[in-house]
Structure formats: structure tokens, C-alpha cells
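The values are calculated or read from the model by the stated rules, or taken from the named source; none is laboratory data. Just so it is clear, the structure is predicted and the values come from calculations on it, not from any experiment. Cβ placement follows ideal geometry from the backbone for every residue including glycine, while neighbour counts extend to all protein chains displayed.
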Amino acid sequence: MRTYPGYNSAPHRCYRPLHFRDFITEILREDIAQTAKEAGIAVVSEHWKFAKSGALLSYGASIPDLFRRTAGYVAQILNGANPAELPIQLPAKYELAGFCHEMPGFCR
């Protein structure tokens with residue numbers, strides 16, 4: 001496991017971590033999940049890869065569904081639709097992934 005400067009010397013302990021998905025947290029997801037597991041902190045993420053790496057669960061929009069729906073927008077634009085006139089769509093499909101065997105104390 002990697003150690004990060006200042007992590008253990010913090011004057012307070014974090015009980016409610018927030019996870020924002022970006023390229024750094026995506027690269028360090030296994031380290032984040034392992035460190036949180038050792039500290040007894042439940043990690044919840046928006047992407048299933050975090051749950052697969054050892055986080056408690058993930059809940060977020062289905063990425064393959066978002067790509068499929070984006071392709072529909074691109075097809076409409078290529079067929080002559082004005083992008084400004086296309087409706088904004090919210091995600092319609094969500095994924096929930098839980099791996100309670102990773103943190104049995106949180107799954108009772």
C-alpha cells in the first residue's frame with residue numbers, strides 16, 4: 001500500500017469521505033478502497049469499478065446507456081437537427097453494485 005504525506009498526521013479523522021470521479025481517483029481507486037477499508041470507513045462511489053476494487057457500493061448512471069443515448073444525439077445532429085433545439089435528457093438507467101463481503105461490519 002502506498003503512503004501519502006500528511007494522511008496519518010491529520011488533526012481530525014474523516015468519517016464522511018466524498019468521492020468525485022476524475023482521472024486521479026480512477027487511477028488510485030484500489031488504494032483509496034484499501035485505505036478506507038483499513039480505517040473502517042465505508043466508501044460509496046458512482047462507478048461500479050470502485051465497488052469492484054473494494055468499496056462498499058456504487059450507484060450511478062449506466063455509462064454504456066449514456067454512450068448509447070449520446071450516439072442518438074450525434075445521429076440527429078448529423079441528419080441536420082439543430083443542437084440548440086435538442087432536448088436535454090437526464091440519465092434513464094442507473095446501476096447499483098454492492099460488495100458487502102468486503103466490509104461485513106457495514107452490512108447487517
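Here's the yes/no breakdown for (1) of a type in the set (S, T, N, Q); (2) at pLDDT 90 or above:
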{"residue": "Pro5", "(1), (2)": "no, no"}
{"residue": "Asn8", "(1), (2)": "yes, no"}
{"residue": "His19", "(1), (2)": "no, no"}
{"residue": "Thr25", "(1), (2)": "yes, no"}
{"residue": "Lys37", "(1), (2)": "no, no"}
{"residue": "Lys49", "(1), (2)": "no, no"}
{"residue": "Ile77", "(1), (2)": "no, yes"}
{"residue": "Gly80", "(1), (2)": "no, yes"}
{"residue": "Pro83", "(1), (2)": "no, yes"}
**Study point:** Condition check for Ile63: closer than 23 Å to Phe23 by Cβ and at pLDDT below 80
**Key:** no
Review point. Across the stretch 36-74, what is the number of residues that are among the hydroxyl-bearing types (Ser, Thr, Tyr), crowded, with 19+ Cβ neighbours inside 10 Å and outside any loop (DSSP other than H, G, I, E, B)?
Key: 2
Study note, to complete from the structure: Picked from the stretch 78-96 (must be surrounded by 12 or more Cβ atoms within 10 Å (Cβ to Cβ) and more than 11 Å from the chain's Cα centre (by Cα)), the residue farthest from Arg29 (Cα to Cα) is Ala81
